[in-house]
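J.: Sharing a structure with you now.
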Amino acid sequence: MTTSPAVPQSWESPARIYDYRQAANPIRPGLTEPIPLEQWRPPDLESALSSSIQPLDLSGALGCEGPATSPALAAHYVLLHPGEPLCPQAVATSSLFYVLKGAGGLSFPGQSDPLAQPLQWGQGDLFVLPHGFSPELTAQEASLLYWVHDAPLLRYLGVSPMVARFSPCFFSRDRLDGELNRLMADPMAARSNRLSVLLAHEAMPATRTVSHTLWAMVGVVPGGAIQAPHRHQSVAIDLILEAAPGCHTLVGTELDGEGRIHRPKRIDWETGGVFLTPPGYWHSHVNPSGEPARLLPIQDAGLHTYLRSLDIRFAGGLAGQD
């Protein structure tokens, strides 16, 4: 007769077994909290008394350690005043900064890496930094930056980055505007669901993303346009770069028989504002004004693309408003 080997009690006590029918989809309130549809207004830079970093924190609603805007990403506003530098730091593999207002520079005090070079930035510029590059930001005038990093993902995994997976990367406003203007001049572009340029790093040739976790895009919604709904499994954190009154996004979980979002919730745009779209939600951008609107969605889609789980789907192309 064979006897079972002794098993330490400390190994057996944490073991759990669940009925598949009750445990296969744990995304529900009180368990794995659903990701909420959320929106933030930009801070008033003129009334800010000092430089500060303001997280867009949903960690309470997500049931995780903060700050976290989504389970994988944390977004922040960075307010900078001349003579009051800031050193934004996070245990992250990737940090993306976009300059909403102002001008200034960054440096890397005490860092010997030859790629840790000073940089001057201005309104409309975007730069991405890997692990190991901790910047000091200084302002030549009152400035507002937007900062997104992937620390919540690493915190959940209980890991710290070991090496830089890519080099620092800079996109000037002139370069971004030039690419968007070329896209808008392409007669074939009018048939596309999205008029956008994807930002990528040469170190990510397979995923074509700006880092191995972050996905970023600068998009235009022409005046009078209605984008047909689309969805994906990554969480979208959208920064509104420029929008006239009336621009908005319709969001919902289902489409009707005509390919429109069923009972959508409307999110009104505001320049400098941010809104979050949960994974799997259909969303459609609408611009009833006569001026083009621009936005910068940032997602954890670099990771989803690598895992082959993004599952982006489109309901149609770009339509004009009646």
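The values are calculated or read from the model by the stated rules, or taken from the named source; none is laboratory data. Model, not experiment: these values are computed from the prediction. Cβ: placed from backbone, ideal geometry, glycine included. Neighbour counts: every protein chain shown. Areas reflect the complete protein model, heavy atoms only, side chains present, ligands, DNA and RNA absent. Shrake-Rupley method; radii C 1.70, N 1.55, O 1.52, S 1.80 Å.
J.: Please go through the stretch 185-202 and give me each residue that is open to solvent by less than 80 Å² (accessible area, probe 1.4 Å) and in contact with a Lys or Arg (Cβ under 7 Å, 6 or more places away or on another chain), ordered by number.
T.: Of everything in the stretch 185-202, just one residue is open to solvent by less than 80 Å² (accessible area, probe 1.4 Å) and in contact with a Lys or Arg (Cβ under 7 Å, 6 or more places away or on another chain), namely Ala200.
J.: OK, next. Among the numbered conditions (1) over 21 Å from Gly302 (Cβ atoms); (2) in contact with a strand residue (DSSP E or B) (Cβ under 7 Å, 6 or more places away or on another chain), tell me where Asp113 comes up short.
T.: Every listed condition holds for Asp113 apart from (2).
J.: Can you find a residue in the stretch 43-51 that is closer than 17 Å to Glu141 by Cβ and crowded, with 19+ Cβ neighbours inside 10 Å? Even if it seems obvious, please write down each step before you answer.
T.: Taking the stretch 43-51 first, the residues closer than 17 Å to Glu141 by Cβ are 43-51.
So of that shortlist, the ones also crowded, with 19+ Cβ neighbours inside 10 Å come out as 51.
Yes: one or more hits.
J.: Same structure, new question: Within the stretch 163-178, does at least one residue satisfy the condition of being free of Cβ contacts under 8 Å to residues at least 12 places away in the same chain, open to solvent by less than 40 Å² (accessible area, probe 1.4 Å) and over 30 Å from Gly63 (Cβ atoms)?
T.: For the stretch 163-178, residues free of Cβ contacts under 8 Å to residues at least 12 places away in the same chain, open to solvent by less than 40 Å² (accessible area, probe 1.4 Å) and over 30 Å from Gly63 (Cβ atoms): present.
J.: Assess whether Ser160 counts as being open to solvent by less than 50 Å² (accessible area, probe 1.4 Å) and part of a loop (DSSP other than H, G, I, E, B).
T.: Working: open to solvent by less than 50 Å² (accessible area, probe 1.4 Å): no; part of a loop (DSSP other than H, G, I, E, B): yes.
No, not satisfied.
Rundown of residues vs (1) open to solvent by 10 Å² or more (accessible area, probe 1.4 Å); (2) outside any helix (DSSP H, G or I); (3) within 20 Å of Val274 (Cα to Cα); (4) in contact (Cβ under 8 Å) with a residue 40 or more places away in the chain, yes/no style:
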position: Leu96; (1), (2), (3), (4): no, yes, yes, yes
position: Gly105; (1), (2), (3), (4): no, yes, no, no
position: Pro114; (1), (2), (3), (4): yes, yes, no, no
position: Thr138; (1), (2), (3), (4): yes, yes, no, yes
position: Leu183; (1), (2), (3), (4): yes, no, no, no
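J.: May I pose another question? Scan Leu45, Leu56 and give me the residue that is closer than 20 Å to Ile298 by Cβ and in contact (Cβ under 8 Å) with a residue 60 or more places away in the chain. Talk me through it step by step, then tell me what you get.
T.: Numbers: Leu45 fails: closer than 20 Å to Ile298 by Cβ.
Of the residues listed, the single one that is closer than 20 Å to Ile298 by Cβ and in contact (Cβ under 8 Å) with a residue 60 or more places away in the chain is Leu56.
J.: Which pairs turn up if I take residues in the stretch 6-34 that are under 16 Å from Gly63 (Cβ atoms) and open to solvent by less than 100 Å² (accessible area, probe 1.4 Å) and look for partners that are assigned to a loop (DSSP other than H, G, I, E, B) and not aromatic (Phe, Trp, Tyr) with beta carbon separation below 6 Å, at least 6 apart in sequence or on another chain?
T.: Thr32/Pro26; Glu33/Gly63
J.: Shifting gears a bit: Residues of the stretch 204-219 being open to solvent by 10 Å² or more (accessible area, probe 1.4 Å) and in contact with a Pro (Cβ under 9 Å, 6 or more places away or on another chain), which ones?
T.: Trp215, Met217
J.: Give the stretch 256-269 a look and list any residue that's within 22 Å of Ile35 (Cα to Cα), in contact (Cβ under 8 Å) with a residue 40 or more places away in the chain and surrounded by fewer than 17 Cβ atoms within 10 Å (Cβ to Cβ), or say none.
T.: Residue satisfying the conditions is Lys265 alone.
J.: Which one is farthest from Ile53 (Cα to Cα), of the residues in the stretch 140-157 that are crowded, with 16+ Cβ neighbours inside 10 Å and more than 20 Å from the chain's Cα centre (by Cα)?
T.: Within the stretch 140-157, the match that is farthest from Ile53 (Cα to Cα) is Ala142.
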